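Everything on this sheet refers to the single structure shown next.
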């Protein structure tokens, strides 16, 4: 780019000395850059006299294109600088189905009211996506989906879980009296957990791991909820997905003295020296809105 800017300055000033002064360069540096550019192109760009220089026909043609190129580069620089300062553009976001539908999708319109220059493209899928290859700006994931160490992960919330079942199931099978008695029940298993059959429960300082079995499993929490409502068994599920069912007594807490292990919610995004303004703004907005996740 330096040689191009020198070319424009020499053409505007009409001599090497004035061009060098305007650019803060030495006369020899300006002359050398012009000679190297002419050698690279295999064409003479200037006709030189003792006091001035003027463009050749080839030089004039080349200058016009160089000016357009420099203008495009300056416009591109300005656009990127503006985007870095003010959130704008399209934000492509990958979300797990249940959390995306229940908690993230409803806040997107509010985000866009604050940042009207940002378009949001949501992809709701419980399958893991390749953020870089598929052009995503960020993804929301649970603790069990952080295997890709090349990405940057930031924890934004904790999901409280609950052990629950329908009153009809508990009436038919009898409620478990202890964590150990969960082994005698039908577990509804969430297959995206690190270990779907391992349920960790805490009471004060006491922590116990229970291995459960079951004939129903799913990779989506809302499918687990439907199985709960169909009286199919006991599930360990994020409370936010069943809080209305618990309030309406369609489902009830099991072993309420024991607290299941929480699951963290993370945002994942590609590494880089500069996080775009739109991505940073959405992460901050999402973090605030998910603070009340129970």
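The angle separating the long axis of helix 2-13 from the principal Cα axis of greatest extent in the chain is about 40 degrees.
Compute the FRET efficiency between residue 274 and residue 194 as 1/(1 + (r/R0)^6), taking r as their Cβ-Cβ distance and R0 = 35 Å, and round to the nearest 0.05. If you can, show how the numbers build up before the last one.
Details: r = 33 Å, r/R0 = 0.95.
Calculated transfer efficiency: 0.60.
At the listed q of 0.10, 0.19, 0.20, 0.23 Å⁻¹, the Debye profile of the stretch 161-261, built from one uniform point per Cα, gives log10 I(q)/I(0) equal to -0.22, -0.86, -0.97, -1.32.
In whole percent, what relative contact order does the chain give with Cα contacts below 8 Å and a gap of six or more residues?
RCO, the chain: 21 percent.
Looking at the chain, what % of its DSSP beta bridges pair antiparallel, to the nearest 5? In the chain, DSSP labels about 65 percent of beta bridges as antiparallel.
Mind pulling the angle between the C-alpha long axis of helix 277-289 and the longest principal axis of the chain? Nearest 10 degrees, somewhere in 0 to 90. For helix 277-289, the angle is close to 20 degrees. Normalising the average separation of contacting C-alpha pairs (under 8 angstrom, six or more residues apart) by the number of residues puts the relative contact order of the stretch 2-84 at 27 percent. Evaluated at q = 0.11 Å⁻¹, a Debye calculation over the C-alpha positions of the stretch 2-84 (equal weights, vacuum) places log10 I(q)/I(0) at -0.32. Put a dot 7 Å past the Cα of residue 8, heading toward its Cβ, do the same for residue 244, and the two dots end up 6.0 nm apart.
In this entry, the stretch 31-70 is assigned a mean projected area of 3.0 nm², taken as a quarter of its C-alpha convex hull surface.
For a footprinting-style exposure proxy, rank 202, 88 by other Cβ within 10 Å, fewest first. Each step should come with its number before you reach the end.
Details: 202 13, 88 19.
Taking fewest neighbouring Cβ atoms as first place, the list is 202, 88.
With contacts defined as alpha carbon pairs under 8 Å and 6 or more residues apart, what's the relative contact order of the stretch 43-125 in percent?
With pairs under 8 Å counted, the relative contact order is 26 percent.
Kirkwood-type hydrodynamic radius, the chain: 24.1 Å, calculated from all non-identical alpha-carbon pairs. A simple spin-label model places pseudo-atoms 7 Å from Cα toward Cβ; at residue 22 and residue 74 they are separated by 1.2 nm. Modelled spin-label separation between residue 41 and residue 287, with each label point placed 7 Å from Cα along the Cα-to-Cβ direction: 5.1 nm. Placing R0 at 35 angstrom, the Cβ-Cβ distance between residue 130 and residue 86 gives a FRET efficiency of 0.75 after rounding to 0.05. Can you give the FRET efficiency for residue 178 and residue 152, using 1/(1 + (r/R0)^6), R0 = 35 Å, r = Cβ-Cβ distance, to the nearest 0.05? FRET efficiency, residue 178 to residue 152: 0.25. Counting only DSSP H runs of at least 4 residues, each contributing -39500 (n - 2.57), and dividing by the residue count of the chain, the helix-based mean residue ellipticity at 222 nm comes to -11500 deg cm²/dmol.
Just so you know, all these numbers are worked out from the coordinates, no wet-lab data involved. Remember, predicted model here, so these are calculated numbers, not experimental data. FYI the Cβ positions are ideal-geometry reconstructions off the backbone, even for glycines, and counts take in every protein chain you see.
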